[in-house]
Amino acid sequence: MIDLMDKRLRAEQFRHRLNRALEQSGLSQSALARSIGVDRSTISQLLTDDGARLPNAHVVGACAAALGVSADWLLSLSERPENAADLVAASLSMSAAPRALVDERIFDWHQEAAGYKIRHAPAALPDMLKTRALLEWEYAPHLGRTADQAIGASQDRLAWMRQSPSDYEIAMPIYELDSFAKGVGYYDGLPKETRQEQLAQFEQLSRQLYPRLRIYLFDAKRLYSAPMTIFGPLLCVIYVGSHYMAFRDKERVETQTSHFDNLVREADISARDLPERLSALQAEIAS
């Protein structure tokens, strides 16, 4: 008896949702019938029949496709009317990642997440902690005559980020900092003075801004992370080179948050120990 009641209620809900979707689509019953290849009388029956039977899967799927909703929603198996393509489009987006530092999209994401913890695994050293000399060495060849203006604007925005109500956690591999100090790999050709100045500023900021800014170093032989930023529970953005891949659905954001938190738990050098590591690297360069 309960099962029969469930079927009747499900059929009633199907009729209600089909009527709602049809009204919102602006299609007539005849237009819907033509779209899915049935008689108009079939559509009329679907909309008005007070029985307990549901149409077959083909008809349900065809109606859902024609009306731009999900079949699961029509059948009360989901409370989200969007179809699968729309759900993916809403939860995942791709946007260009310019080489220049002036990026309105990144700044907007930081503003949106103001007050939430920001978790960041940078592609190299974190931009928000770089000296002007390092920014010029790194970006000027790609920005041409606009380099000075772009870097100046970026420093203003990075200053805003440092003063924002958000806490920042940064996780990066140990070798990145060591390579920087030695001027090898990506940092080949970077002047000794620039490296010394950068490490000194890095140390100063890690002391001044702790605990609101916490930086952890992990062993890349055991752990790996793609460059990414997690903006509280709202958004996870993965840097893939020429584009950012942004996720907004709760499950993916939580998965990447768990991944980042593991980097922090497994870090070989904690945020408390980082200043001493930076001081030691400066001494190595000076010797």
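Coordinate-derived values only; no laboratory data. Values in this document were obtained by computation on a predicted structure and should not be read as measured data. With ideal geometry, Cβ positions are generated from the backbone for all residues, glycine too; neighbour counts draw on all protein chains shown.
When Thr131, Thr48 are ordered from fewest to most other Cβ atoms inside 10 Å of their Cβ, what list results? Provide the component values of the computation, followed by the final result.
Numbers: Thr131 17, Thr48 9.
With the fewest neighbours first, Thr131, Thr48 line up as Thr48, Thr131.
Amide H to amide H, with H built 1.01 Å from N, Asp268 comes under 5 Å of Leu217, Phe218, Asp219, counting only residues 5 or more places away or on other chains. Could you tally up the Lys pairs in region 90-286 with alpha carbons closer than 26 Å? Skip any pair fewer than 8 positions apart unless they're on separate chains. Lysine pairs, 8 or more places apart or on different chains, close enough: 7.
The antiparallel fraction among DSSP beta bridges confined to the chain stands at about 65%.
Note on region 196-249: the C-alpha convex hull projects to 5.9 nm² when averaged across all orientations. Taking the average, over residues, of other Cβ atoms within 10 Å as the packing measure, peptides 272-278, 26-32 rank 272-278, 26-32 from highest down.
Which one of Leu54, Leu125, Leu235 has the biggest mean-square fluctuation once the chain is modelled by GNM with Cα springs under 10 Å? Evaluated over the chain, the most mobile residue of the options is Leu54.
Ordering Phe247, Phe107 by the number of other Cβ atoms within 10 Å of each residue's own Cβ, fewest first, gives Phe107, Phe247. Mean residue ellipticity, 222 nm, helices only, the chain: the sum of -39500 (n - 2.57) across DSSP H runs of n ≥ 4, divided by residue count and rounded to 500, is -17000 deg cm²/dmol.
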